[in-house]
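A short write-up of the structure that comes next.
Bear in mind that the values in this text are calculations on the coordinates, not laboratory data. Computed from a predicted structure; not experimentally measured. Because the Cβ atoms are built from the backbone with ideal geometry, glycine has one as well, and the counts that use them run over all protein chains shown.
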Amino acid sequence: METHKYFFHEAHFASLPNKSNVYLLANLRTASGYSKVLVAPIKGKACTVEYAQHRGEFRPEEVEFAYIPDDAELIAIHSFCKSKDEGLVIAVTLVKDYNSVKPTYCLNIYRPWESGSEFNVESISKNFCTIELDFIPHFIFSGSLFNKDGETEAMILLSSNDNKVEIFQEDKDVANRWNRCDSPDAFPEFHSLPSVLLWFHSKILDGKQRLTAVGCQDGYLRLCLVSLETNEIITQWECQHDSAITCVQLFTERSCQEPAASKDSGSLEKVQVDFNLVVTSAMEISVIYRNVLQNGFTEQLLLEDSDKYDCTLCACVADIDWDGEHEILIGTYGQELLAYKLKAAPSEDGSPCTPVKPSQPPSDQTTLENDNVFDPPKESQCKPSYELIWKRSFGHPLLTMQYMDVTGDGLGELVVVSTKGIHILQHNLSDAADILMERLMMQDSTCSSLEDTND
Amino acid sequence: MCCSAVPTVGNVKSVWPTMRTVVFVQRQELEFTGNLSPNALVLGDVDNDSAYELVVGSLDGDLLVFKGEETEPVASASGLGMITCVGIGDICHQGKNNIFTMSAEGYFYIFDIKVCDSEEETSKLDGNEESKEENQGEVKPEKKESHRLEEIHKQHLPANSKVVLLADIDLDNSAELVVGYTDRKVRAFRWQTFVCEKDGESSTYAKLVLLQTWVLPAQIGSLSLSRHSDNFPKLVVSQPGCNYAELSCDWVSRSKFKEPSEEIKPVIHHPITNKRARNANISTEIIANVSKGDEKTQISDHLGSDRFAMCTLDGTLMLIEEDQILWSLLVDHQLFAITKLDIMCDGHDEVVSCALDGETYIVDHNRQSVRFHFEESVCAFAAGLYSMDGITNPPCLVYGTFNNKIFIYWNVRLPRISSLTLLDVIRDREEFKEKLKEEGIQDNNQEGMRKIVQYYLYEKPALMKYQQKQKVADKDLTVCKEDQDKEISKLTEQFEQTKVAAENKEEL
């Protein structure tokens, strides 16, 4: 019991006065790179959690957004950087007079963060723009488009109850005035959806293409590859699940884009883009579609037991064991957090599929040292699978989560929002320290060259 | 770093206390009818199998024993009066633990717990007991229960008991029973065996005999055993207003006379917080002998002074050493119970205090604290060890509620009390220091350290894998090329051969 292996322990819990929802978590990245958590309850004041370095403790703070009446209910919060050298934007959707015959839906856009300055709460109240909506907003996200001059332009996307996605962009002349963009072709991947869009996730592929995954309320799943130059769909895959898609996340198997490797040989780059898609669905088992760019929705892997704990509401992709490969975290309404890891399944003759190792190394770090050990071509010979490697129970249903560095130590934390509040889960620090020390030692002998290329 | 700047903006309020909060999850819900006295919820090893159990006594006179993962009591007894206190310990000096209960009316019972295997054994055991005639059907082991409680002693002691303590208060290597009463009295009893000669036959019987009575100036909160710096036991009793009194045993100095003394008993009052206490009459609880850890391993002569903690109903929590306040916390909750528990399993005890509304504070010697909110009103609280699997005894918190339920939060072990970051952990490691020197990063450059951590934990392994993959791909490519070359040379060879052959043919 004493030596029980754990990935995360609860470093802090901040309770919320009211229930939150799946859209009310935002990651406020500071200029210095680490994050502040912003979580809002449906009713009442939002809360930020940050780590106070000098006092060594997590500090929750109440944040009051201007122009949100007391009786309003929040629907969704999203934060994004408009561009690299500009400050942060926080977009909030809310409903006023919820119990009346004609409730009003609003989108409020705040600019709390000027470039180069720290998070200034006071400016939240001063610098904002509010837009009344004639539809019920659901998911909120930001995207960017190339405008006519070839510059990227940040936009706010809202999915609406009439199965559309509405786009808002900033007025070119007046800062922080946002207008509805009526161009129907701005994002071709959202055309003629069968039901309300609940979640989408997109990735830009080498600056020329955009890969977007869209999940809808009736279980419809769409994946589009859009050319950024022509703004047209190159390829589109579709698939139907039996229940509402609660979350979609695109990810690569490796936890980092290959910054060093791709520089050396451009020819290999295209082969290595193997995007996977994790899909959680309300009533069904969560699945992973492997290598979607080549296979579409054909190569499906199941996350075993992920349907055993009530609705699955959120998924998170993070490298939680620091081996360079992404793990999948699934949060359920049944108060369970599940972690899955890709494992190569045993091949048909019974021998383990993982490449034959001369002497089984006990940990992944030693694996890295030995060039012969890692042998990817063999992987394709057998079917890999995702295995449940860790599980943690909570006292309350889980709504949403994100992996971010709240403590500012370079190590990520998992921020989980449950119906009761914000849980900040910290890694097993002694494990992390041991691995880090091991790698620092190893570095001196084997891979100093690698370090140079990266810098 | 820069984020540490405290915003002084008006519309930001730290309404959430900054104390670290945790949520414990693994819990067991036990059904229980009736009401509980705060001192009638006890954790201990009742059946001497070194796995800890939970014993609960109700105001209706029911005694229940819970063990392991069972949600039903494994043994029970009833009709024990209005149970105010329950205790577990070697009260009979037999080298094993028994359960004892004390009722407000003064009824005192001692129970032995037995596994019921068969009817045969039950009757055999009954026959062996001396107190058979006293066993008037108060113990009703039901068929479904795997254990039964066997009453081995019953005695009528002075009524109005409030709190009990079983401890060796006079250093005679056997435990005495100390009872605190609601009428401001404390009495100490000893288990004594008597030989009775009747009709030429000698038989032995045992009972509790009164050693001493102390009368205190104010209401008694709780009793605890501390020690003097020379390791001599020091019995302490909490007094209102966050004070305590020391009770000294008069029989210790006067050798081993067991007759009750009629002299005025020395009660040494220790005023701690006359000025500090918000209310001088507020009820106070005390827990002594809060372990400082490593000192346990030292020779007993150099134990140093004892630390004890006190809490009050108006929300003061403090740690005291030699009547000096080491720290004190003021909270907005009514603290009614205080215990010590080594919640990190590192040898240091932490102070655990529970409020009536379920707010629980876990504080270590350095005032680092963690909160846990149990979302119900609490009538009795215990922190200690409880075994779910029958082998290990992880720390646990037990809450008795007003809604006929008892909750055991088992395995509440915390890795640490205060919040830490990875940088705090690795800052002093040699490898890391070397790396910093190599990279020319100052000790206070958090951004630089952060980048190193990020690179080695997240980016490097991925990069390594790419590199390896690329190597393999390159190798494949070269292999392909070689194959191709071979093929081409082969073909050319063949072609040459056929050509030569053709030429030969032509020539022919």
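Residue pairs exceeding 25 angstrom between C-alpha atoms, taken from A:LYS420/B:LYS292; B:LYS437/B:LYS469; B:LYS433/B:LYS460; A:LYS308/A:LYS420: A:LYS420/B:LYS292; B:LYS437/B:LYS469. One decimal place: the segment B:ASP332-B:VAL472 gains 43.9 nm when fully extended, by the rule 0.36 nm per residue minus the C-alpha distance.
Using alpha-carbon positions, what is the distance between the centroids of the stretch A:32-75 and the stretch A:140-196, in Å? Taking the Cα centre of the stretch A:140-196 as reference, the centre of the stretch A:32-75 is 27 Å away.
Charge tally around A:ASN27: other residues with Cβ under 12 Å, Lys/Arg +1 each, Asp/Glu -1 each, net -1. Note on B:TRP214, A:TRP390: ascending count of other Cβ atoms within 10 Å places them as A:TRP390, B:TRP214, the fewest first. Look at the alpha carbon pairs under 8 Å that are at least 6 residues apart: their mean separation over the length of the stretch A:48-100 gives a relative contact order of 28 percent. Exceedance of the 27 Å cut-off in Cα-Cα distance is limited, within the set A:LYS172/A:LYS208; A:LYS19/B:LYS67; A:LYS43/A:LYS203; A:LYS172/B:LYS451; A:LYS102/A:LYS164; A:LYS36/A:LYS82, to A:LYS19/B:LYS67; A:LYS43/A:LYS203; A:LYS172/B:LYS451. Once you sort the root eigenvalues of the Cα gyration tensor of the stretch B:23-96 as a ≥ b ≥ c, which label holds: rounded (a/c under 1.5), prolate (a/b larger than b/c) or oblate (the other case)? Verdict is oblate for the stretch B:23-96. Take B:VAL195 and A:SER100, extend 7 Å from each Cα along the Cα→Cβ direction, and tell me the distance between the two endpoints in nm. With each label point 7 Å from Cα toward Cβ, the separation is 9.5 nm.
When a/c is below 1.5 the answer is rounded, else prolate if a/b is larger than b/c, else oblate, so apply that to the stretch A:186-256 with a ≥ b ≥ c taken from the square roots of the Cα gyration tensor eigenvalues. Here the stretch A:186-256 falls in the oblate category. In this calculation the C-beta distance from A:GLU229 to B:ILE441 is compared with R0 = 30 Å, giving a FRET efficiency of 0.10. With both labels modelled 7 Å from their Cα along Cα-to-Cβ, the A:LYS383 to B:ASP172 distance reads 7.7 nm. Rounded, prolate or oblate for the stretch B:375-474? Axes are the square roots of the Cα gyration tensor eigenvalues, ordered a ≥ b ≥ c, and the cut-off for rounded is a/c under 1.5. The shape class here is prolate.
Taking θ as phi - 60° and the Karplus parameters 6.51, -1.76 and 1.60, the scalar couplings of the stretch A:190-196 work out to 9, 5, 6, 7, x, 8, 5 Hz in sequence order, x denoting glycine and proline.
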